[in-house]
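Enquirer: What follows is a structure written as structure tokens; I'll ask about it next.
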Amino acid sequence: MEATEQLTVVCRKAAPEDVETLYELIKGYAEQGIMLPRTRETLLRQIDTFVVAEIGDKIVGCGSLLRLGQDLVEIRSLGMSQEYRGLKIGNKLVDFLVEQAREQQIPKIMALTYAVNFFLRNGFTVVEKEIFPEKVWKDCVNCPKQHACDEIAVLKMLN
């Protein structure tokens, strides 16, 4: 990627035809043990929770916003293509997801992450994951790392 090249990143809601690209993006992170894997069937079933970032007609990033309760949503499956790292695509995806939470009038947005500094730069604060029983009962009960979770919980309050 040449530094002089002008790249316009556009975020949009994901569509069913994006499932294969989402699957491949998430699979790369899951193989590294830093994201839970998602099946194509799960992605298709949850496609309305996903957003993608595009440069031209190429999907270069993704993220999901899952409702955990009346006042809480979680950012999940946030990632981007290796060759497009460092272009602030993650920031754009988080901004887009935060805006979606605001539109739904949901005041709290959380994530479990290894990329703590990224979330701190995006206005989140580190919190104890135990304050999210909604998350624990929805996902953590099925996670292989349930009893030895090393992810850090972050939270952003929306006004």
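The values are calculated or read from the model by the stated rules, or taken from the named source; none is laboratory data. Please read all numbers here as calculations on a predicted model, not as lab measurements. Cβ sites come from the backbone with ideal geometry, for glycine too, and all protein chains shown count toward neighbours. Protein only, heavy atoms only, side chains kept; ligands, DNA and RNA dropped before computing areas. Shrake-Rupley method; radii C 1.70, N 1.55, O 1.52, S 1.80 Å.
Enquirer: Would you point out the residue of the range 91-117, among those that are small (Gly, Ala, Ser) and in contact with a strand residue (DSSP E or B) (Cβ under 6 Å, 6 or more places away or on another chain), that is surrounded by the fewest Cβ atoms within 10 Å (Cβ to Cβ)? Steps first, please.
Expert: First, pick out the residues of the range 91-117 that are small (Gly, Ala, Ser): 101, 111, 115.
Now narrow it down to the ones that are in contact with a strand residue (DSSP E or B) (Cβ under 6 Å, 6 or more places away or on another chain): 101, 111.
Numbers: Ala101: 20, Ala111: 25.
Among those that are small (Gly, Ala, Ser) and in contact with a strand residue (DSSP E or B) (Cβ under 6 Å, 6 or more places away or on another chain), it is Ala101.
Enquirer: Would you mind telling me which numbered condition in (1) closer than 28 Å to Lys129 by Cα; (2) outside any strand (DSSP E or B); (3) touching a helix residue (DSSP H, G or I) at 6+ places or on another chain (Cβ under 7 Å) Thr42 fails?
Expert: Of (1) closer than 28 Å to Lys129 by Cα; (2) outside any strand (DSSP E or B); (3) touching a helix residue (DSSP H, G or I) at 6+ places or on another chain (Cβ under 7 Å), only one is false for Thr42: (3).
Enquirer: It is to be established whether one or more residues within the range 60-76 are outside any loop (DSSP other than H, G, I, E, B), surrounded by fewer than 17 Cβ atoms within 10 Å (Cβ to Cβ), of a type in the set (D, E, K, R) and without any contact (Cβ under 8 Å) to a residue 60 or more places away in the chain.
Expert: Yes, the range 60-76 has at least one match.
Enquirer: Can you find, within the range 80-90, the residue that is modelled with the highest pLDDT among those that are within 20 Å of Phe50 (Cα to Cα) and open to solvent by 90 Å² or more (accessible area, probe 1.4 Å)?
Expert: Among those that are within 20 Å of Phe50 (Cα to Cα) and open to solvent by 90 Å² or more (accessible area, probe 1.4 Å), it is Lys88.
Enquirer: Given the condition open to solvent by 50 Å² or more (accessible area, probe 1.4 Å), more than 26 Å from Tyr114 (Cβ to Cβ), without any contact (Cβ under 8 Å) to a residue 60 or more places away in the chain and among the hydroxyl-bearing types (Ser, Thr, Tyr), answer yes or no: does some residue in the range 10-24 qualify?
Expert: For the range 10-24, residues open to solvent by 50 Å² or more (accessible area, probe 1.4 Å), more than 26 Å from Tyr114 (Cβ to Cβ), without any contact (Cβ under 8 Å) to a residue 60 or more places away in the chain and among the hydroxyl-bearing types (Ser, Thr, Tyr): absent.
Enquirer: Restricting the range 25-51 to residues that are surrounded by fewer than 20 Cβ atoms within 10 Å (Cβ to Cβ) and of a type in the set (D, E, K, R), which is nearest to Leu66 (Cα to Cα)?
Expert: Result: Asp48.
Enquirer: Name the residue that is modelled with the lowest pLDDT, counting only residues in the range 10-36 that are among the small types (Gly, Ala, Ser) and outside any helix (DSSP H, G or I).
Expert: Our first condition is that a residue be among the small types (Gly, Ala, Ser); within the range 10-36, this holds for 14-15, 28, 30, 33.
Checking which are outside any helix (DSSP H, G or I) leaves us with 14-15, 33.
Numbers: Ala14: 98, Ala15: 97, Gly33: 83.
Among those that are among the small types (Gly, Ala, Ser) and outside any helix (DSSP H, G or I), it is Gly33.
Enquirer: Take the range 118-129 and flag every residue that is of a type in the set (D, E, K, R) and either surrounded by 20 or more Cβ atoms within 10 Å (Cβ to Cβ) or farther than 19 Å from Val9 by Cβ (or both).
Expert: Here is the first cut: in the range 118-129, the residues of a type in the set (D, E, K, R) are 121, 128-129.
Within the range 118-129, Glu128, Lys129 qualify.
Enquirer: Quick one: Gly90 ticks every box in (1) assigned to a helix (DSSP H, G or I); (2) farther than 18 Å from Ala30 by Cα bar one, so which box is it?
Expert: (2)
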